[in-house]
Structures are given as structure tokens and as C-alpha cells.
Amino acid sequence: MSQNHRGTALVTGASSGIGAVYAERIARSGYDLILVARNREKLAALAERISNETQKGVEIIDADLNDRTALARVEAKLKDDASITLLVNNAGVGTHTPLLDSDVDAMTRMIDLNVTALTRLTYAAVPGFVARGKGAVINIASIVSIAPELLNGVYGGTKAFVLAFSQSLHHELAAKGVRVQAVLPGATATDFWESGGLPIDNLDPAIVMSAADMVDASLIGFERGELVTIPSLHDGAKYQAYEAARQAMAPELSTNAPAARYAA
Ligand code: NAP
């Protein structure tokens, strides 16, 4: 990214892991920052470090995005602050327990964060972006968006939502000057694994990427205008073929008669 002033980026889940790396990289590329997460001490320490290193303005909002009142404060910021040109919807949690071993209340809280908060924040930001003819949304999905068998199914379902929502946003907003990117990380070395009940030592190091490499690759994809970025997929042609097959099917998915294979 260039070093010009690029407006302000609001990054959720910025207190650790992928979000903290995004915050640092984005500030270096010329954005002021608004960092959102629950842990105020971690946010404050990161904000101080980034503003010292980059001389960019860094604001923090400590908010539990599972709490509707706190979420509304972040929504209000996105609606009211016309300097915001980039929303990074990164805050999210996962779990690694199988469906039958998972607590449905915990699954619902995961949906509230990974889906509902992400949706509400996007709704808060995008009308201003459209009105100003400029803005971008980076949504952190996951490879389980397209491979839900790999981890907990509710987690995969939330990330499939993020991918589908991003594709639809791109479809509706590209002509209005709004950029959308869905990032599909594979296993990335962050607290996500420990928090979800499966410490990262349990994974084969061959499938684990550092958060720094993951974010740097994703930002290259962003600068190239990619809608979907899968940093760890080496053979990009495979995703292109998958996407081409999906798009080829689309015009044939709704017809006035059942397919011949369903004849009684
Ligand atoms: P992480 O280190 O655990 O970071 C999660 C971030 O979300 C933290 O900053 C956390 O901060 C914040 N957060 C969690 N609950 C929150 C809440 N209720 N309200 C506000 N903020 C909240 O994990 P990560 O790997 O960087 O995860 C970032 C994103 O990447 C997630 O969406 C995750 O699904 C996705 N992802 C991760 C991997 C992976 O292998 N690590 C792979 C694919 C996708 P506080 O605790 O301070 O609130």
C-alpha cells in the first residue's frame, strides 16, 4: 500500500492475533485507526505502540460486540465519522467441538458475534461509503466457508455467511465505489485455537501460517482488487474453477419444472 493519507480504518478484534497485525500494517500504509475489542489494556498498549511508530492517529473503543448497547456505540461511530474509509470486520470466535458436544447457547453467542455484529457494523458503515462514493469493507471469513467439514459446523456456517454476504455486497456495491474483500485464512497462529479449546500445538505445523504472513498476503490481494483471497491456497486456479462452476450454475438454478432426474 502507498503511504498517502487514506482516511480512517475501523478494525474490530484488534486487541490480538490477526486484527492486531491488520491494525499495524494498515497504519503503516497511511490510515488513521479506530481499534475495537473488549480488552481495553491491550488496545491501549497497541494504540500507543502503533501511534509512536507511525505517527498516525489511533483511537480505541472497548466494546463487547455481543452486547447490543456496546455494539450500538460502534455502529454510531461508523455512521457519524465521515473520515472512516475502511471497515475491517475481523472480530470472531470459533470452537472445535463437534455439533453434539457443543452448547447451543455458546453457538448462539458465536453467531451473534461472527454474523450479527458483522452485519450490523457493515450496515452502519456502508451507506456513508455509498454517499461519499468511496470506502472498503474487509471481512475475515475462513477456509471453512467453503470447507465446513473441517471444524465445528456452526463456526463453518457463520463463515459461509460472511463469504456469501461479501459476494452479495460486492455485487450490489462495486458500481457505487465500494470495495469488498472476503479473506479466507487457513489455520493461523493466534489465540483463536486455545480460546476455542484446541491449542495450536495439536496442529501439524505444515498447515499453520503466521498471522503476519496471512495479513500481508491478504493486503496484497486487497490492493489487487480481489473479492476473495485465500492466502494459503497455492494453486489459485482451483478456486477460479470452483467459482466458475458456481457462476455457470447460477442461471440454471431456478426453473418451472423439476429436473428430469426427479421424475417419479
Ligand atoms: P484471536 O487472536 O482470538 O482474536 C480475536 C479478536 O476478537 C480479539 O481481538 C478479541 O479481543 C476479539 N473479540 C472476541 N470476542 C469479542 C467480542 N465479544 N467483542 C469484541 N471483540 C471480540 O483470533 P484471530 O485468529 O486473530 O481471529 C480473528 C478472526 O480470524 C476471527 O474472525 C476468526 O474467526 C478468523 N479466523 C481465524 C483463523 C485462525 O486459524 N486463527 C482462521 C480463519 C479465520 P478481546 O478478547 O479483547 O475482545
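Just so it is clear, none of the values below were taken in a lab; they were calculated from the coordinates. Only a predicted model underlies this, so the values are computations on that prediction, with no experimental measurement involved. All Cβ positions, glycine included, derive from the backbone under ideal geometry; neighbour counts span all protein chains shown.
Along the Cα-to-C-beta direction of A174, a point sits 7 Å from the Cα; which residues of region 114-147 have their amide N less than 17 Å from that point?
In region 114-147, the label zone of A174 (backbone N under 17 Å from the point 7 Å along Cα→Cβ) covers 134-139.
At 222 nm, what helix-only mean residue ellipticity would the chain give, in deg cm²/dmol to the nearest 500, using -39500 (n - 2.57) for each DSSP H run of four or more?
So the calculated ellipticity at 222 nm is -13500 deg cm²/dmol.
Where the centroid of each part is defined by its Cα atoms, how far is region 136-202 from region 35-54 in Å?
24
When the dipole is taken about the Cα centre of the chain, and only Lys, Arg (+1) and Asp, Glu (-1) are charged at their Cβ, what size is it in debye, to the nearest 20?
940
In a GNM of the chain with a 10 Å cut-off on Cα contacts, which of T188, T108, T119 has the highest mean-square fluctuation?
Among T188, T108, T119, the largest mean-square fluctuation in the Gaussian network model of the chain belongs to T108.
How much length is gained if the chain between S232 and D101 is pulled fully straight, taking 0.36 nm per residue apart and subtracting their Cα-Cα distance, in nm to one decimal?
Taking 0.36 nm per residue and subtracting the Cα distance, the gain is 44.2 nm.
Looking at region 1-94, send over the antiparallel percent of its DSSP beta bridges, to the nearest 5.
Roughly 0 percent of the DSSP beta bridges within region 1-94 come out antiparallel.
Using the count of nearby Cβ atoms within 10 Å as a rough guide to exposure, how do E223, E75 rank from fewest to most?
So the residues, fewest neighbours to most, are E223, E75.
Could you work out how far apart the two model spin labels at Q55 and A260 are, taking each label as a point 7 Å from the Cα in the direction of the beta carbon, and quote it in nm?
7.1
Can you sort M249, M110, M209, M214 by how many other beta carbons sit within 10 Å, fewest first?
M249, M209, M110, M214
Compute the angle between helix 118-132 and the longest alpha-carbon principal axis of the chain, please, reported from 0 to 90 degrees and rounded to the nearest 10.
Helix 118-132 sits at roughly 70 degrees to that axis.
Taking the chain as a Gaussian network, Cα atoms linked when under 10 Å apart, which of D101, D216, D80 shows the biggest mean-square fluctuation?
D101
Given Cα positions, please report Rg to Rh for region 130-264, the hydrodynamic radius being the Kirkwood one.
My calculation puts Rg/Rh at 1.04.
For G135, what is the net charge nearby, where nearby means another residue's Cβ is under 15 Å from its Cβ and Lys, Arg count +1, Asp, Glu -1?
That works out to +3.
Hey, fewest Cβ within 10 Å first, where do S83, S29, S166 land in order?
Listed from fewest to most nearby Cβ atoms, that is S83, S29, S166.
By how many degrees, 0 to 90 and rounded to 10, does the Cα axis of helix 211-223 deviate from the longest principal axis of the chain?
80
Cross-link list K56/K159; K56/K134; K79/K159: which exceed 29 angstrom alpha carbon to alpha carbon?
Distance filter (> 29 Å) returns K56/K159.
How much net charge surrounds G30 when only the other residues with a Cβ under 15 Å from the Cβ of G30 are counted, with Lys and Arg +1 and Asp and Glu -1?
That sum, taken over residues with Cβ under 15 Å, equals +1.
Once the Cα gyration tensor of region 8-248 is found, what semi-axes does its equivalent ellipsoid get, as square roots of 5 times the eigenvalues, in whole Å, sorted largest first?
25, 22, 19
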